[in-house]
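The values are calculated or read from the model by the stated rules, or taken from the named source; none is laboratory data. Fair warning: this is a prediction, and the values are worked out from it, not measured in the lab. Here Cβ is always computed from backbone atoms with ideal geometry, including for glycine, and neighbour counts include all displayed protein chains. Quick note on the areas: whole protein, heavy atoms, side chains included, nothing else; ligands and nucleic acids left out. Shrake-Rupley method; radii C 1.70, N 1.55, O 1.52, S 1.80 Å.
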Amino acid sequence: MKTLQRVTRDIKEFKVQGANQIALHGLSFLKEVAQKERFGNKFKMASRHLEKARPTAVVLHNCIEIIKSEPSMSTIDSLIDVLRTVGKREAIYSDKIIGNGSKIITYCHSGEAMSFIKHARTIHKKKISVIACRTEPLGQGVTTAKELAEAKIPVTLIDDNAIGFFIKDVDMVIIGADALRKEGVINKIGSSLLAQAAYNASKPFYVVANSLKIDKRKAFQIEERPPDEISKTIRKRLQGIKIRNPAFDVTPWRCVTGVINENGVFSAKQFVTLL
Ligand code: RUB
């Protein structure tokens, strides 16, 4: 069995990435804790610790709240099952959004957005192409580009600062989310700039995010990551210069066209009433 420190490190240091994978990694560990120790203090302490590892993403928090209200192995198993299968359940709706010939732009690496886009190609046989934004500073968009290329979907990798240049060429934006709050959609830093660009160019902006991403926490925290994720890509020494590295930002609902989850496709307006 891995230690709590090791699992926390895996999550913080991107051995797993994306809100659902983070939650699945945390839940697998918590399941082992519960098998040994049941749902007592050790389980509670481990839950609190894991929740803080990537504090913006709400999925693990929501899962822990559900386990607290119904502490059993079958609760944990059913949450793991939901998270493993939800991408497929959402993907069936890709037919409603993605047409033949659609040009899509996406950001970062989201398992849910990936399933949705790939389903349109592999199951609905839509001829599509995708622009993947590199997503600075860690470049998760490269993973997206590789995954799409493996699925034989024509993909172009661009730098984030080329979004304004390419937005006019696409038909829609499709991204994932870490949390859906009344303030807006929380996703990887830079998503809100892509949303503004899409809004200004009148391009639809869709978010694929299951209902465990609905965030009813009173307050939320934008995770601030280590400055060296930025400084290590700059060759010159940067002594005395302050570096900030927030990991996520908030896209206001007015820039969002719709949300797709396991229950279907919702307009942003319909969705906001749920929040
Ligand atoms: C990942 C990111 C993803 C969401 C959704 O950020 O912003 O779009 O987490 O992912 P990071 P998924 O790389 O910092 O984890 O759809 O896989 O839950």
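Structural remarks
- Under 5 Å from the amide H of Met172 lie the amide H atoms of Lys103, Ile105, each residue being 5 or more positions distant or on a separate chain, with H modelled from the backbone and absent for Pro and chain starts.
- Once the Cβ-Cβ distance of Arg9 and Asp77 is raised to the sixth power relative to R0 = 25 Å, the FRET efficiency obtained is 0.50.
- Nearest-0.05 FRET efficiency for Ile230 and Lys2, computed from C-beta distance (R0 35 Å): 0.75
- Two-site label geometry, Asn100 and Asn263: point separation in nm, points 7 Å out along Cα→Cβ: 3.4
- Sites Lys218 and Lys44, calculated FRET efficiency, Cβ-Cβ separation with R0 30 Å, nearest 0.05: 0.90
- Carbon plus sulfur fraction of accessible area for the range 4-89, probe 1.4 Å, in percent: 48
- Among the trypsin sites (Lys or Arg not before Pro) in the range 127-227, those located in a DSSP loop and surrounded by at most 16 other Cβ atoms within 10 Å of their own Cβ are Lys127, Lys152, Lys182, Lys216, Arg217, Lys218.
- Computed with a 1.4 Å probe over protein heavy atoms only, the accessible surface of the range 230-275 comes to 66 Å² per residue.
- Ordering Thr144, Thr273 by accessible surface, largest first, gives Thr273, Thr144; the 1.4 Å probe counts only protein heavy atoms, with every chain in place.
- Expressed as a whole percent, the accessible surface of the range 223-275 that belongs to carbon and sulfur atoms is 54, based on a 1.4 Å probe.
- Residues of the range 128-142 with amide N under 19 Å of the 7 Å Cα→Cβ point at Asp171: 128-133
- Structure note, pairs Lys118/Lys232; Lys118/Lys168; Lys88/Lys182; Lys152/Lys203; Lys15/Lys236: Cα-Cα distances above 32 angstrom occur for Lys118/Lys232.
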